[in-house]
Each structure stands twice: as C-alpha cells, then as structure tokens.
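Student: Dumping the structure here so I can ask a few things about it.
The values are calculated or read from the model by the stated rules, or taken from the named source; none is laboratory data. Because the structure is a prediction, the values reported are computed rather than measured. Here the Cβ positions follow ideal geometry from the backbone for every residue, glycine too, while neighbour counts run over all protein chains shown.
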Amino acid sequence: MEINRERLREATAQGIVTELQAEQLWQFLFEQRKDTPSFHFTHILYYLGGLIAIGAMSLFMNLGWERFGGWGLFGIALAYGMAGLGLTEFFLTRRHLQIPAGIMATFVVVLTPLAVYGLQVALGFWPEGHVYREYHTHINWRWILMELATLATGAIMLWRYRFPFLVMPVAVTLWYMSMDLTPLLFGEADASWDLRKLVSLWFGLFICLMAFWVDIRSRFEKDFAFWLYIFGVLAFWGGLSMMNSNSELNKFIYLCINLIMIVVGSILSRRVFAVFGGLGAAGYIGHLAYDVFKDSMMFPFVLTGIGLGVIYIGIVWQRHEKKISSTLRGFLPVPLKELIERRS
C-alpha cells in the first residue's frame, strides 16, 4: 500500500498518530525515497535528459559519424567517457545526487561499443560494408567483441558505483547477444529462424535465472534485477511465442507456460512476467475463439463462465490470503521468503 500525505492525514484524524509524528514520518519517508526512481517531475527530467544523451551516442547515430574514421570515433568515445566519469563523480561526491550520477555512469557503459568499433576500424579489423549504426538494428556475429567489452565495462562500473540503472545496458547487451550468438555458433548459413527462436528462448530463460539469483543476493539492497528480468522475459517469451506449432497440445502447453509466468510474477512481485504471461494467455484464447471454436455458439458462454470462476477464486483467495500465504511461505527457503516479503 502506498503511503501519501492524505493517508497520514486520515491516520491523524483517527488519532493513530499526532500531527507532529505524521510530519516526521513523512519527512523520513521522503528522505528514504528521494534517490529511488519514481514519476516525480524532477526524476522524469533526469531520465529524459539522460536517455536523450544515451540515444545520441547509440540508437540515433547516423552515417555521417563514419566520416570521423576509426581513430576519430575512438577518440570521441574516449573523451565522452572521461567526461561521463567526471560528471558521475561530481554528482555523487559533490552534489550527492545518486540518480544523475547513475545516469552518467550508464552513459559511460553505453559508449563502450562505439569505442571498440572505432578501435577495430582504426586497426583494420572491421570488414567493409558494415557500420556502427547497424549495431542496434542488424543481427551479426561480428558484434560479439563489442558486446563482451560492454559487459566487462558494465561489471566494472557496477563494482565501483552500485547503481541499479547500470544494469540496463548490461541487460540490453545480453539480449543482443542472445540474437548474435546463433550465427557465431552455427554459422550464418545454418542459422535458421527456428534455431534463432530456440536460442532466444533458452538464453532468455538463462537471463531470468540470473536475474533471480541477483534478486536473492541483493534482496536487502536496491533493485539490481529489474532490467535483467525485463530483457530476460522479452527474449524468452519472444522466442517461445514466435515458434510455429500445428499441434493443439503444444499450444495448450504454451498457455500453461504463460499461466506459470503470471503466477511467478505474482510471487516475485515482478509485473513483467504477469504482463507477458497475460498477453500469451490472451493470444491462446484468441486462437480458440477464431480457429478452434469459430463456429461454436457455446464458446462465449463457456468462456464467460471460466472468467466468473476466476473472479470467484480471487474472492476466496482474498478472504484467506493471509493464512494461505503464511502456510505456503513456511515451505520456502529463508532467502526466498525474505525476498518475497521485501518485494511485496
């Protein structure tokens, strides 16, 4: 439940806390949350400016930058990186502004693939016909060295600064690698779309498990697993959903996997699982409506009954949630129990 000033006023009116205690509690909560990303206008400006700067040196770079040549690109990336490090230290140590410091540290990590690309071009290790702009739009095994360097830089920056936003470029890079590994491991000629989907599925599952491990390890700290969950689920669910199947049994298994994702999202308080699981379940119901039972008059009535049944289960769960949750959590390992209690 979110605590705001209105709820504190209600507590004051009911005599639960005094006005002084309510004000002191509000100030305490404000100090605790000032460095936690939220939809405050100040934070929106921070992230908007940071994402514009990050996008300028990644997604929005045009072909004109190739005129700088390899050494030019490497020098620009190095200069921007040094400036980013300087701003990170300035915001962190002089201004005590953790969110801008984290954005600047992330900006440094995002510059890594550009620096590696420029160095490769300067040393003559990059083939003609491929430009940096394609890094974010084309699948190519040649990006692997740039991706490995980005992961290494991200790990070093995380070790030094411990900002959760630093995990974002690491998670994006891992997602890119899930697509670029297929032609590297199996050759471009043998890297069929079916194989790419399979690699994406298993790599996404691996990232999700890694995110869960990070979640357990950092359960008393900031949320370092957020971005890993997002791109892990995206890779896993994307690969799973794009697989072709003419078997109704396989489609039903797909529904079950999506329902499990919803349950996992609920247990771990990770909405990304519930969102994609819900999309998958809705897709399966659409398949039933438009393909399997397209001429059935009873299907809408049966589906309505199922929906009402799910609502009834929700009512029963709400009535006994505390008792059921307490019983189920008694079977869980202590670290997982602590994680669920903290994230709930």
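Student: What are the residue pairs meeting all of these: first residue in the stretch 4-15, first residue farther than 14 Å from GLN27 by Cα, second residue in a helix (DSSP H, G or I) and modelled with pLDDT of 75 or more, Cβ atoms under 6 Å, and 6 or more apart or on different chains?
Tutor: THR12/GLU19
Student: Still on this structure: Restricting the stretch 274-329 to residues that are hydroxyl-bearing (Ser, Thr, Tyr) and closer than 24 Å to SER245 by Cβ, which is surrounded by the most Cβ atoms within 10 Å (Cβ to Cβ)?
Tutor: Applying the filter and picking the extreme gives TYR284.
Student: Taking the options THR42, THR18, name whichever one is over 26 Å from PHE165 (Cβ atoms), at pLDDT 75 or above and of a type in the set (Ser, Thr, Tyr).
Tutor: Result: THR18 is the single residue among THR42, THR18 that is over 26 Å from PHE165 (Cβ atoms), at pLDDT 75 or above and of a type in the set (Ser, Thr, Tyr).
Student: Still on this structure, please answer the following. Looking only at the stretch 240-274, count every residue that is assigned to a helix (DSSP H, G or I) and over 20 Å from LEU339 (Cβ atoms) and tell me the total.
Tutor: Total satisfying the criteria: 15.
Student: Among the residues of the stretch 233-280 satisfying the criterion of being of a type in the set (D, E, K, R) and touching a Phe, Trp or Tyr at 6+ places or on another chain (Cβ under 8 Å), which is farthest from ILE207 (Cα to Cα)?
Tutor: Restricting attention to the stretch 233-280, the residues satisfying the condition of being of a type in the set (D, E, K, R) are 248, 251, 270-271.
With touching a Phe, Trp or Tyr at 6+ places or on another chain (Cβ under 8 Å) added as a condition, the list becomes 251, 270.
Values: LYS251: 24, ARG270: 15 Å.
It comes out as LYS251.
Student: From the residues in the stretch 184-234 that are assigned to a loop (DSSP other than H, G, I, E, B), small (Gly, Ala, Ser) and more than 15 Å from the chain's Cα centre (by Cα), which one is surrounded by the most Cβ atoms within 10 Å (Cβ to Cβ)? Break it down into steps so the answer makes sense when it comes.
Tutor: Just the residues of the stretch 184-234 that are assigned to a loop (DSSP other than H, G, I, E, B), to begin with: 187-192, 218-225.
With the extra rule that they be small (Gly, Ala, Ser), the set shrinks to 187, 189, 191-192, 218, 225.
Next, from what is left, pick out any that are more than 15 Å from the chain's Cα centre (by Cα): 187, 189, 191-192, 218.
Numbers: GLY187: 10, ALA189: 7, ALA191: 20, SER192: 11, SER218: 15.
The qualifying residue surrounded by the most Cβ atoms within 10 Å (Cβ to Cβ) is ALA191.
Student: If you don't mind, there's one more thing I want to ask. Residue check, LEU59 against (1) assigned to a helix (DSSP H, G or I); (2) touching a residue at least 24 places away in the same chain (Cβ under 8 Å), all met but one. Which one?
Tutor: Status for LEU59: all satisfied but (1).
Student: So the check is Cβ under 6 Å with 6+ separation or different chains; which pairs have a first residue in the stretch 205-229 that's under 24 Å from ASN258 (Cβ atoms) and a second one that's in a loop (DSSP other than H, G, I, E, B) and not hydrophobic (A, V, I, L, M, F, W, C)?
Tutor: Listed by first residue and then by second, the contacts come to TYR229/ARG270.
Student: For the stretch 55-63, state whether one or more residues are at pLDDT 90 or above and not aromatic (Phe, Trp, Tyr).
Tutor: Here is the first cut: in the stretch 55-63, the residues at pLDDT 90 or above are none.
Within the stretch 55-63, not a single residue is at pLDDT 90 or above and not aromatic (Phe, Trp, Tyr).
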